[in-house]
């Protein structure tokens, strides 16, 4: 329990110091926020494109694959 409490206290102190630094250096803080927002937006865009491509591949694999039965009329036409 003491380790968890120490981590929580450390996070609170870091957040407090970061907030105080942000108030004193507002322009730098705003620049930093914009860079973080742009990075998050780029990652979201990248992963959404990646997810859409994977979904497209799965749909195409389901639609384009039609298994043939052993004694289907298709087999007879291919043998001739």
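To keep it simple, each residue is scored yes or no on (1) at pLDDT 90 or above; (2) exposed (fewer than 10 other Cβ atoms within 10 Å of the Cβ); (3) in contact with a helix residue (DSSP H, G or I) (Cβ under 6 Å, 6 or more places away or on another chain).
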| site | (1), (2), (3) |
| --- | --- |
| 14 | yes, no, no |
| 19 | no, no, no |
| 29 | no, no, yes |
| 43 | yes, no, no |
| 64 | no, yes, no |
| 70 | no, yes, no |
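Figure legend. Inter-residue proximity from segment 9-22: first residues free of Cβ contacts under 8 Å to residues at least 12 places away in the same chain, second residues surrounded by 10 or more Cβ atoms within 10 Å (Cβ to Cβ) and part of a helix (DSSP H, G or I), beta-carbon distance below 9 Å, spacing 6+ or different chains. Indicated pairs: 18/29; 21/28; 21/29; 22/28; 22/29; 22/30; 22/32; 22/33. Listed by first and then second residue, the pairs with beta-carbon distance under 6 Å, at least 6 apart or on different chains, first residue in segment 24-38 and on the phi < 0 side of the Ramachandran plot and touching a residue at least 24 places away in the same chain (Cβ under 8 Å), second assigned to a helix (DSSP H, G or I) and loosely packed, with under 11 Cβ neighbours inside 10 Å, form an empty list.
The values are calculated or read from the model by the stated rules, or taken from the named source; none is laboratory data. Note that the structure is predicted; figures quoted are calculated from it, not measured. FYI the Cβ positions are ideal-geometry reconstructions off the backbone, even for glycines, and counts take in every protein chain you see.
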